[in-house]
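Report on the structure given below.
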Amino acid sequence: MLDIFNHIVFNYHKIMKIEITETPKITYNKVIYVFKAKVEGKEYKIGRHEDDNGAEVYVDPHPEKDEVYDAIENLFYHDDFHYNTTQAGETLEVED
């Protein structure tokens, strides 16, 4: 009898209704993507980290010329570059 009493007293859970009063929305968004690309005949591993605080580009190995790094950064603003649809083999002309 005591076991039944303990079960009822200590295992009682009240069911509560929760009404959503505002539609959930993303308040912090983060995207990281990595790909390889050739610039002036040399292949680079390129990564871009985007979040609510901005974006940062990572290039490995680090280009010897600033112009190459600048061109890689400008790639992300090219009208025909879309990280989710651009495919290997595509070639884009980008200003440095």
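The length gained by stretching the chain between Val57 and Lys42 to full extension, at 0.36 nm per residue less their Cα-Cα distance, is 3.6 nm.
For the chain, the 222 nm mean residue ellipticity estimated from helices alone, with every DSSP H stretch of n ≥ 4 adding -39500 (n - 2.57) and the total spread over all residues, rounds to -5500 deg cm²/dmol. Modelled this way, with points 7 Å down the Cα-to-C-beta line, the labels at Thr23 and Phe35 are 3.1 nm from one another. Against the chain, whose longest principal axis comes from its Cα atoms, helix 66-75 is set at around 50 degrees.
If you wrap the chain in the convex hull of its Cα atoms and look at it from every side, the mean projected area works out to 12.7 nm².
Protection proxy ranking of 40-47, 86-93, by the mean of other Cβ atoms within 10 Å over each peptide's residues and highest first, is 40-47, 86-93.
We did not get these values from a lab; they are worked out from the coordinates using the rules stated. Computed from a predicted structure; not experimentally measured. Cβ atoms come from the backbone with ideal geometry, glycine included; neighbour counts cover every protein chain shown.
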